[in-house]
Structures are given as C-alpha cells and as structure tokens.
Amino acid sequence: MKSMLDAIDYVCREGKFEKTADFIQHGNTSCMLHTIAVAYYSDYFAQKIRIHYKRRELLIGALLHDYFLYDWHDGLPKRKIHGFTHPHYALINADRDFNLTDTEKNIIKRHMFPLTVIPPSVREAWIVCMVDKICSVYEVFAKDPYIRLRKILKANRVSVG
C-alpha cells in the first residue's frame with residue numbers, strides 16, 4: 001500500500017466503507033472521517049517514532065476499526081453498550097467484506113482496550129488503540145476537527161460526510 005489514499009480507495013472499492021460517512025461517530029465527526037483520521041495519525045505516529053510496522057495492515061485495520069455500519073445514536077437499548085460491543089460487529093462486517101490478515105483482525109477486535117478487557121497483541125493494534133482514544137477526545141471537544149485533513153481529502157475527491 002503506497003499511501004493513505006490507496007487504502008481509502010481499496011476499502012471503498014471492496015466493501016461498504018462509504019456508508020460510514022452516513023453515521024456520526026463523536027461530536028459532529030462522521031464515522032468515515034474518524035476512521036480516516038485514526039489511520040492517518042496512526043501512520044504518522046509510527047513513522048515519527050521510527051518503528052518497524054506493517055503499513056498496509058495498520059492503514060486497513062485503522063480504516064475498518066469502526067466498520068460496524070449502524071447509527072449507534074439511534075436510541076435502541078442494545079446501543080447503550082456500544083463501546084463494549086462494536087469491535088465485534090466491526091470485525092464481523094469487515095471479515096465478510098475483506099480478506100483480512102490476523103494483524104488487521106487484531107486491530108479491529110482490540111482497539112477498545114481497556115474498555116474491552118483483552119489487550120492488543122500486535123504493535124499496529126496498540127498504535128491504533130492509542131490514536132483512536134486521542135482522536136475521539138479531540139472530536140468531542142474540537143469545534144471544527146481535522147480542517148487540514150479534510151482539505152487534503154477534498155483535494156483528492158474523498159467525501160467524508
């Protein structure tokens with residue numbers, strides 16, 4: 001995988017990733033923008049600290065970590081435990097639509113640690129787990145999150161909802 005844009009193109013072409021633009025994740029940030037931001041900043045962080053990592057798998061796993069494909073704000077009683085259950089649903093959907101590696105599966109399944117009790121077992125999943133928390137807090141409190149990232153995506157004709 002040469003770039004983030006290649007990864008986005010792949011998940012849009014092979015699955016239902018574009019549907020994630022229809023759902024709000026945190027604050028006023030779409031699920032699509034959230035997962036793109038997590039992928040972008042996970043990749044950025046891994047490069048900055050100069051560790052060996054599987055770039056393609058980190059990008060794909062991060063883009064699909066919230067691939068649960070429903071509106072968790074819909075008020076249904078079962079959504080009250082969304083934080084605990086959505087990695088399971090994201091993995092089911094992603095495994096159905098993509099040929100996932102074990103690393104990508106670990107990223108998706110374990111990204112909510114410590115809320116879900118079993119920790120990640122690969123470095124790419126630890127990075128996504130950490131960056132996901134940072135992005136989530138930022139999205140809740142920022143008035144207009146990811147201005148620069150949205151400009152990059154818009155220039156490349158990626159609509160994030």
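Listed values, structure above:
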| item | result |
| --- | --- |
| Overall dimensions of the chain as given by Cα atoms, namely Rg and Dmax in Å | 14.4, 44 |
| Choice from Ile127, Ile60, Ile49 with maximal GNM fluctuation in the chain (Cα, 10 Å cutoff) | Ile49 |
| Net charge of neighbours whose Cβ lies under 10 Å from the Cβ of Phe23, counting Lys and Arg as +1 and Asp and Glu as -1 | -3 |
| Val117 paired with Asp6, simple spin-label distance in nm, labels 7 Å along Cα-to-beta-carbon | 4.1 |
| The chain: relative contact order in percent, alpha carbon pairs under 8 Å with at least 6 residues between | 26 |
| Region 1-84: trypsin sites (Lys or Arg not before Pro) in DSSP coil with no more than 15 other Cβ atoms inside 10 Å | Lys2, Lys16, Arg50 |
| Helix-only CD estimate at 222 nm, as mean residue ellipticity for the chain, using -39500 (n - 2.57) per DSSP H run (n ≥ 4) | -18000 deg cm²/dmol |
| Test item: Cα-centred dipole of the chain, Lys/Arg +1 and Asp/Glu -1 on Cβ, debye | 360 |
| Alpha-carbon spread of region 103-144, three principal axes, descending order, Å | 34, 18, 12 |
| Principal semi-axes in Å for region 39-130 [√(5λ), Cα gyration tensor, largest first] | 24, 14, 11 |
| At R0 = 41 Å, FRET efficiency that the Cβ-Cβ distance of Lys19 and Lys48 yields, to 0.05 | 0.85 |
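FYI, it's all coordinate maths here, none of it is from the lab. Just so you know, these numbers come straight off a predicted model, no measurement behind them. Neighbour counts run over all protein chains shown; Cβ positions are idealised from the backbone, glycine included.
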